[in-house]
Protein chains: 2
Amino acid sequence: MTDKKLAWTTAALLTALIMNGAADAQERVIPPRVLPAPADVSPQIQGLAGLPVPENYNVLPKTAEEWKARQNASQASGTKTATDMAARLHVKVSAKTMGGVPVFDILPETVAPENRDRLLIHVHPGCYVLGGGPAATVEAILMASFGQFHVVSVDYRMPPAAYFPAALDDVVAVWKAALKTHKPSQMAVFGSSAGGALTLGMVLRARELKLPLPGAIGPGTPMAELTGVGDSFATNAMIDNVLVARDGICEPAARFYANGHDLKDPLLSPVYGNFKGFPPAILTTGTRDLLLSNTVRVHRKLREAGVDAQLQVFEAMSHAQYIRDDTAPETREVFQEIAAFFDRHLAR
Amino acid sequence: MTDKKLAWTTAALLTALIMNGAADAQERVIPPRVLPAPADVSPQIQGLAGLPVPENYNVLPKTAEEWKARQNASQASGTKTATDMAARLHVKVSAKTMGGVPVFDILPETVAPENRDRLLIHVHPGCYVLGGGPAATVEAILMASFGQFHVVSVDYRMPPAAYFPAALDDVVAVWKAALKTHKPSQMAVFGSSAGGALTLGMVLRARELKLPLPGAIGPGTPMAELTGVGDSFATNAMIDNVLVARDGICEPAARFYANGHDLKDPLLSPVYGNFKGFPPAILTTGTRDLLLSNTVRVHRKLREAGVDAQLQVFEAMSHAQYIRDDTAPETREVFQEIAAFFDRHLAR
């Protein structure tokens, strides 16, 4: 028996001894394991997969001021990421407003001829609290570049400046403004994580308001469930090295945004929404994603509602890791797939 | 701190102490966890998800005689499952031969009008060694009933009676025979696990032989990789309560079939095949599936080859658990989705 095998066996036996007594009926105890580097991915994704879980992943802000400090730090680092990425990918980013809401206008070097009259509305990730300002544009830059689309990224309001449903109201306001210059069938809405939930919530809200719906949507690994339901919250805990586990920053941040509002409201947990009549949707996740279950549950519920919904799952990727490295071939593939899906479903 | 939280913390700390020294660079140590009963699934799937890992999951046959005994036991229990299921679902099963190969002809109470001239070829699961004879028909019965299709299930040769490529040759022989009565565009080939790999292998082989290809395929959680590559072999080890882990019965059984042949041959590990020109494909897996990575890797490679390939991933399901309970609404959903996909792609 090798040292490693011995270590594994010892740890597994100890785990069984310690934990079996503490498990309830229908619960199962899963022993520790060593997670090797994934083999069938690019070196870039392998590098991301090998990153350790951040030591302070569950050290959370306690006051509005502490949240604000975390927000500022995330905006600063995200802004640098976005600026560098835009330069590398030759994408032009300019600030403007639409419907009174600050947005970033994002133009690739070349807009594909078939996309000339189309517009994508991007809703950024960041657990409803982080990643605003110019940092909002990272995913939009990737889509503009790899999909050759004109993209507008919504810099929606976040707490502590404003609480639920401020973010959703801002996305809807931008949608209304966009309807003045584009046919709804020429537009898609997309974004990951909180942006994926807001994409789904925006369609629910637009339907309530009897607004026309977009021609397609692309919710990436949507944060569609804030009440803890979802098997991958357990199976991928500590395996996902981005969100890490439910006691990481993302759910507390979302509750900070929800500000006491019922978390099961479909405008906060869209997995509980009625998806009847939704536009065609493409969903993206990874096998290590803490929100893998969120994503596949939304996919199933879209299909059950009769919606043309496509799912893509990337090997060994943690939560929204497809926006981390613009040089990874998988990143290009994710956005080219979404772009191709939009191309099939949007009017010219 | 609750007792459970204390137990978890103790086990996690011990694991870190014991295992960190044994991990190589780029490996990550994943602590033990308690897997709760999944919430957003039917009671049937919740029951299946709560089953403990079989204690003897890695106690393997050592001789051809021991494999034969395991084979006989699996055929006996599978035959009872199939007989009961056929009765409950009012499906008629009769034995015949096609192209010299024993098959089961499977007819539902009603063949849908649009399926009258269509035929599905089913390739059964069982790691190339198990689940033959009337047991082969379980998945075919589910498809016949929920999809209202005429299905033929191939009772291909298995070791110790015959080795690679006997199973594949039998599937191809049935395909050739079927081409005498049906247009290829009216037929689809489907099946799970080893049957999923054989479905992909059959298309590779048919292309080599310049035979016409089916109008669509449905490889369910294909055993498309026998060389150990795939992140979910690590992430879902001990979480999947069907295959359990790589040291369970399935890979040794496949090696028994391979009989020394190179496991990286695309006819054994079709993930390494060239998927250019493949028919439209629908792939099915679950979030707990040990072959989740196999399935999503095949899906990506099909998409990269330009194939119209759809992926469906079911919440909290272990390997091919969608053929375990015909009363689970998820089972019906899996096969109705595949049937709808076939309906969109097959000629009438």
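The values are calculated or read from the model by the stated rules, or taken from the named source; none is laboratory data. From a predicted model like this one, the values you see are computed outputs, not experimental measurements. Here the Cβ is made from the backbone with ideal geometry for all residues, glycine too, and neighbour counts use every protein chain on show. Areas reflect the complete protein model, heavy atoms only, side chains present, ligands, DNA and RNA absent. Shrake-Rupley method; radii C 1.70, N 1.55, O 1.52, S 1.80 Å.
Things worth noting here:
- Identity of the residue in region B:171-204, in contact with a strand residue (DSSP E or B) (Cβ under 7 Å, 6 or more places away or on another chain), open to solvent by 10 Å² or more (accessible area, probe 1.4 Å) and of a type outside the set (Gly, Ala, Ser), that ends up nearest to B:Leu292 (Cα to Cα): B:Gln186
- Those residues of region B:280-309 which are surrounded by fewer than 23 Cβ atoms within 10 Å (Cβ to Cβ) and not hydrophobic (A, V, I, L, M, F, W, C), in sequence order: B:Pro280, B:Arg300, B:Lys301, B:Arg303, B:Glu304, B:Gly306, B:Asp308
- Top-ranked residue in region A:258-272 [being in a loop (DSSP other than H, G, I, E, B) and within 14 Å of another protein chain (Cβ to nearest Cβ); ranked as surrounded by the most Cβ atoms within 10 Å (Cβ to Cβ)]: A:Ser269
- Scanning region B:44-97 for residues that are over 20 Å from B:Val154 (Cα atoms), surrounded by fewer than 16 Cβ atoms within 10 Å (Cβ to Cβ) and of a type in the set (S, T, N, Q) gives B:Asn56, B:Asn58, B:Thr63.
- Counting only residues that are touching a residue at least 12 places away in the same chain (Cβ under 8 Å) and under 23 Å from B:Leu263 (Cβ atoms), region B:170-213 holds 22 of them.
- Hey, A:Gly99 in contact with a Ser or Thr (Cβ under 7 Å, 6 or more places away or on another chain) and at pLDDT 95 or above or not: no
- Boolean, A:Ser153 is open to solvent by less than 30 Å² (accessible area, probe 1.4 Å), of a type in the set (Ser, Thr, Tyr) and not in a loop (DSSP other than H, G, I, E, B): yes
- Output for region A:112-133, where each listed residue is within 24 Å of A:Gly248 (Cα to Cα) and surrounded by 21 or more Cβ atoms within 10 Å (Cβ to Cβ): A:Val123, A:His124, A:Pro125, A:Gly126, A:Cys127, A:Tyr128, A:Val129, A:Leu130, A:Gly131, A:Gly132
- Verdict on A:Val29 being surrounded by 14 or more Cβ atoms within 10 Å (Cβ to Cβ), within 14 Å of chain B (Cβ to nearest Cβ) and modelled with pLDDT of 95 or more: no
- Of the listed requirements (1) over 16 Å from B:Tyr57 (Cα atoms); (2) buried (at least 24 other Cβ atoms within 10 Å of the Cβ); (3) at the interface with chain A (Cβ under 9 Å from one of its Cβ atoms), B:Val229 misses just one: (2).
- Candidate set: region A:245-257, residues that are in contact with a helix residue (DSSP H, G or I) (Cβ under 9 Å, 6 or more places away or on another chain) and either part of a loop (DSSP other than H, G, I, E, B) or under 23 Å from B:Phe314 (Cα atoms) (or both); chosen: the one farthest from the other protein chains (Cβ to nearest Cβ): A:Ile249
- Beta carbons closer than 6 Å, at least 6 apart along the sequence or on distinct chains, never pair a first residue in region A:291-316 that is over 20 Å from B:Arg303 (Cβ atoms) and aromatic (Phe, Trp, Tyr) with a second that is in a strand (DSSP E or B) and open to solvent by 20 Å² or more (accessible area, probe 1.4 Å).
- Number of the exception - A:Glu337 against (1) surrounded by fewer than 22 Cβ atoms within 10 Å (Cβ to Cβ); (2) farther than 30 Å from A:Pro43 by Cα: (2)
- The listed residue being more than 7 Å from chain A (Cβ to nearest Cβ) and at pLDDT below 95, out of B:Leu14, B:Leu6, B:Leu48: B:Leu6
- Scan of region A:284-323 for residues that are in a loop (DSSP other than H, G, I, E, B) and aliphatic (A, V, I, L, M), ordered by number: A:Leu290, A:Leu291, A:Ala305, A:Val307, A:Ala316, A:Met317, A:Ala320
- Filter result for B:Asp343 (more than 11 Å from chain A (Cβ to nearest Cβ), surrounded by fewer than 20 Cβ atoms within 10 Å (Cβ to Cβ) and either small (Gly, Ala, Ser) or part of a loop (DSSP other than H, G, I, E, B) (or both)): no
- Subset tally (residues that are farther than 18 Å from B:Val151 by Cα and either open to solvent by 10 Å² or more (accessible area, probe 1.4 Å) or of a type in the set (Gly, Ala, Ser) (or both)) for region B:205-222: 8
- Condition check for A:Thr110: of a type in the set (S, T, N, Q) and in contact (Cβ under 8 Å) with a residue 24 or more places away in the chain: yes
- Meets criteria (touching a residue at least 40 places away in the same chain (Cβ under 8 Å), in a loop (DSSP other than H, G, I, E, B) and open to solvent by 20 Å² or more (accessible area, probe 1.4 Å)) for A:Asp326: no
- Qualifying residue in region B:326-333 (condition: of a type in the set (Val, Ile, Thr) and either within 11 Å of another protein chain (Cβ to nearest Cβ) or touching a Gly at 6+ places or on another chain (Cβ under 9 Å) (or both)): no
- Filtered residue count, region A:290-315, keeping only those that are within 9 Å of another protein chain (Cβ to nearest Cβ) and touching a Lys or Arg at 6+ places or on another chain (Cβ under 6 Å): 1
- Of the residues making up region B:233-244, those that are open to solvent by 20 Å² or more (accessible area, probe 1.4 Å) and more than 10 Å from every other protein chain (Cβ to nearest Cβ) are B:Val242, B:Leu243.
- Residue check, B:Ala173 touching a His at 6+ places or on another chain (Cβ under 6 Å) and in a helix (DSSP H, G or I): no
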